[in-house]
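To start, the structure itself, in structure tokens.
The values are calculated or read from the model by the stated rules, or taken from the named source; none is laboratory data. Predicted, not measured: the structure shown is a model, and the values here were computed from it. Neighbour counts are summed over all protein chains in view; Cβ atoms, including those assigned to glycine, are modelled from backbone coordinates with ideal geometry.
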Amino acid sequence: MAPLKDTQNEADNRRIPIDRVGVRGLRFPLQIRDRDQKSQHTVAVVSLAVDLPHQYKGTHMSRFVEVLHAHGSEVTVHAIAGMPQELRKRLNAEKAHVEFRFPYFRAKKAPVSQSVGLLDYGVVFEVNAESDKVDFVVTVEVPVTTLCPCSKAISERGAHNQRGTVTFSVRFTKPIWIEDLIELVETSASSALYSVLKRTDEKFVTEAAYDNPVFVEDLVRNVAVKANEHPDITWYRVEAENFESIHNHNAWAVIEHRR
């Protein structure tokens, strides 16, 4: 039988390199260390990519999936960290990119009744490799409550509050628990969120938020102060978006800093 034609390896004369080419939207089981329960199983949406020099027509898409499946039916954080270098070698690339985006669950006790409920957070592991250098960024997406300081100051009764999302990305010198990053964000807001609240808990959370009003600007600055004090964080980007309860738009703020 004659060998099949390898179209991807044919020359391309347009002389335009491609920054990233690969596969995305791939769902795959993931096991990660959990500070609360020792380990947690979840499902990640995976993106895998490499750069493509100008002289090649295409890349070999099947090799991306082969690299992923080479780690068995479930990958770990350690495997994710080494995957970009595997892609570089397998596809003869200079650069490689891996992203795992997944839900992460915590069992949280309500502040008064201690009723337990699961709350989900978004987590992203992003790893880039170029030559022998590897860059690992961890992102947590944390829902919070904020109460408006201006509304509290000018209103005779109450103050408007809203749910928001903080997206907190870090680079680090030592591994940091996902739970530690989540708690750093939650303690920077007017109040954390819970999945189960009895009446006593709702009273507590409402009053706690009223006693701790923060603008979206306060929220990102509060996170930044804590990140600056953390001994293992070398770079961070914190973005907060409030889904305003009395406006038809959102409030938004970002801080990025390298230590």
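Details
- Scanning segment 33-64 for residues that are over 30 Å from SER131 (Cα atoms) and not in a loop (DSSP other than H, G, I, E, B) turns up ASP34, LYS38, SER39, GLN40, HIS41, THR42.
- Members of segment 156-209 found to be β-branched (Val, Ile, Thr) and either without any contact (Cβ under 8 Å) to a residue 60 or more places away in the chain or under 25 Å from ARG237 (Cα atoms) (or both), listed by number: THR165, VAL166, THR167, VAL170, THR173, ILE176, ILE178, ILE182, VAL185, THR187, THR206
- Of the residues GLN8, GLN55, the single one that is in contact with a Phe, Trp or Tyr (Cβ under 8 Å, 6 or more places away or on another chain), modelled with pLDDT under 95, of a type outside the set (Ser, Thr, Tyr) and over 28 Å from LYS108 (Cα atoms) is GLN8.
- All positions within segment 121-158 that are touching a Gly at 6+ places or on another chain (Cβ under 9 Å) and either at pLDDT below 95 or not in a strand (DSSP E or B) (or both): SER151, LYS152
Results for (1) within 21 Å of PRO231 (Cβ to Cβ); (2) of a type outside the set (Asp, Glu), shown as yes or no for each residue.
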residue	(1), (2)
LEU119	no, yes
PHE125	no, yes
PHE136	yes, yes
GLY158	no, yes
GLU179	yes, no
GLU183	yes, no
TYR194	no, yes
LEU197	no, yes
ASP201	no, no
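- Hits in segment 125-158 (condition: hydrophobic (A, V, I, L, M, F, W, C) and surrounded by fewer than 18 Cβ atoms within 10 Å (Cβ to Cβ)): VAL134, VAL137, CYS150, ALA153, ILE154
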